[in-house]
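Notes follow the structure.
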Amino acid sequence: MPRDKTHLVIAIDGPAASGKGTIALRLAERLGYLYVDTGAMYRAVAWQALQENISWEDEESLKHLAERLDIQFVRDDAEGTLRYRVLVNGDDATEFIRSPEVGRGSSIVAQHAAVRHALVAKQRKLAQAGGVVMEGRDITTVVLPDADVKFFITASLSERARRRYEQYRARGVNTDIATIEAELAERDRRDSQRSVAPLRIAEDAIVVDTTDMTVDEAVSTVVNLVRSRAISR
Ligand code: DC
């Protein structure tokens with residue numbers, strides 16, 4: 001059955017620090033849609049595993065953990081800037097899941113097919129009714145291959161490193177651009193070469209290169225593309 005055109009399913013993929021998170025969140029806000037950060041779901045599994053002393057290599061236990069984990073995205077505009085909080089089994093895990101340790105754990109748990117299977121089922125359920133913007137690495141290719149509009153958001157490696165450096169600096173993290181660039185290159189390699197659901201550009205995805213765009217320009221570009229796609233369908 002065709003979906004209601006006013007409740008589109010929008011799928012967004014792209015490499016780390018490409019700007020896809022900010023774009024997806026602001027797009028969802030403009031359209032009044034649900035926003036789903038699937039990277040946060042892999043991070044939530046890694047974080048909860050730490051709480052329960054489950055190894056990031058223990059695929060069987062992680063699978064059960066992923067199946068029973070309750071993950072919710074709650075809007076938070078407390079400081080006047082658009083943000084969301086991630087609740088894991090009802091507890092606010094927003095800050096914990098952003099630690100470098102959990103970041104590393106998330107990329108390990110994301111390699112297990114059984115974990116992916118459990119989270120993909122949750123992700124599809126969230127998108128079932130439409131009116132959703134979902135972002136990650138395999139949304140356009142595996143999770144929602146029938147999405148109404150698909151984007152692949154990218155930017156040059158050096159620009160992504162520069163942006164991540166600014167984010168870290170704003171949070172008081174002491175690092176340098178060369179280190180960040182090397183880490184991003186390594187993550188690109190791991191995300192696009194893993195055997196299960198690697199990062200790749202879907203044939204029908206619109207590629208948006210944000211290297212020379214401000215955040216506002218990138219958001220407007222994507223919003224306009226969604227509007228023109230929605231009208232022409
Ligand atoms: O986007 P992020 O850094 O929060 O993602 C955390 C990890 O989860 C990252 O290593 C890639 C992985 N991931 C994935 O494998 N599939 C997704 N749909 C989203 C994220």
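The values are calculated or read from the model by the stated rules, or taken from the named source; none is laboratory data. Because the structure is a prediction, the values reported are computed rather than measured. Reconstructed Cβ throughout: ideal geometry from the backbone, glycine too, with neighbour counts over all protein chains shown.
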- Note on the structure: Per the filter on segment 129-147, residues part of a strand (DSSP E or B) and under 14 Å from His7 (Cβ atoms) are Val132, Val133, Met134
- Item | Check on Val120, within 11 Å of the ligand (Cβ to nearest atom), surrounded by 16 or more Cβ atoms within 10 Å (Cβ to Cβ) and under 11 Å from Thr38 (Cα atoms) | yes
- Residue list for segment 40-73, restricted to those being part of a loop (DSSP other than H, G, I, E, B) and within 14 Å of the ligand (Cβ to nearest atom): Trp56
- Task: Give just the number: which of (1) within 14 Å of the ligand (Cβ to nearest atom); (2) among the aliphatic types (A, V, I, L, M); (3) under 23 Å from Gly32 (Cα atoms); (4) out of contact with any Ser or Thr (no Cβ under 6 Å at 6 or more places or on another chain) does Ile206 not satisfy?
- Result: (1)
- Message: Exactly one of these conditions fails for Phe151: (1) of a type outside the set (Ser, Thr, Tyr); (2) touching a Phe, Trp or Tyr at 6+ places or on another chain (Cβ under 6 Å); (3) within 16 Å of the ligand (Cβ to nearest atom). Give me its number.
- Response: (2)
- Message: Looking at Gly131 and the list (1) crowded, with 17+ Cβ neighbours inside 10 Å; (2) within 15 Å of the chain's Cα centre (by Cα), which single condition is not satisfied?
- Response: (2)
- Inside segment 169-222, can you point out the residues that are at pLDDT below 85, surrounded by 14 or more Cβ atoms within 10 Å (Cβ to Cβ) and farther than 21 Å from Asp148 by Cα? Arg187, Arg190, Asp191, Arg194, Val196, Pro198
- Lone qualifier among Val86, Val115, Val120, Val102 - being out of contact with any His (no Cβ under 8 Å at 6 or more places or on another chain), assigned to a helix (DSSP H, G or I) and within 26 Å of Val173 (Cα to Cα): Val102
